[in-house]
Ligand SMILES: [Zn+2]
């Protein structure tokens, strides 16, 4: 019979291990991409429900057993992402050409000072398309 590790052992094994955790957010916004030929449909104003996934890496804490509290990630990231929600992204400074790529960099620059362990920002325009930025 296999020996099953106790919860205490599993916790101990996690301490100090570098792990990547993530939290997903959604926001709705309109945009148009201004540098396209006139026949490209993405030049027209249109909207998406964007998905943002914020990734952090770091050691699992000795006492907590986690890299960071998901609730703390939410409390830091939600006010940043709320700046984009129900907006026309083109009107936001730094997002005059609001591609997934520029949105990912904008989010990175806004979140990184508050979460030093930030390792990647993923922005998805649709289920099939998106951008991953690692700084
Ligand atoms: Zn679009």
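Every number here is computed from the coordinates shown, using simple stated rules; none is lab data. Every value quoted in this text rests on a predicted model; they were computed, and no experiment measured them. We place every Cβ from the backbone using ideal geometry, glycine too, and count neighbours over all the protein chains shown.
Per-residue ellipticity at 222 nm from helix content only, as computed over the chain with -39500 (n - 2.57) for each DSSP H run of at least four residues, stands at -7500 deg cm²/dmol. For the pair residue 45 and residue 119, a Förster radius of 25 Å applied to the C-beta separation gives a FRET efficiency near 0.15, rounded to the nearest 0.05. In terms of packing, defined here as the mean over residues of other Cβ atoms within 10 angstrom, the peptides 103-113, 53-63, 39-49, 15-25 line up highest first as 103-113, 53-63, 15-25, 39-49. Hey, what angle do you get for helix 100-111 against the long axis of the chain, alpha-carbon based, 0 to 90 degrees rounded to 10? That helix lies at roughly 50 degrees to the long axis. Across the chain, the mean sequence separation of Cα contacts (distance under 8 Å, 6 or more residues apart), normalised by length, yields a relative contact order of 27 percent.
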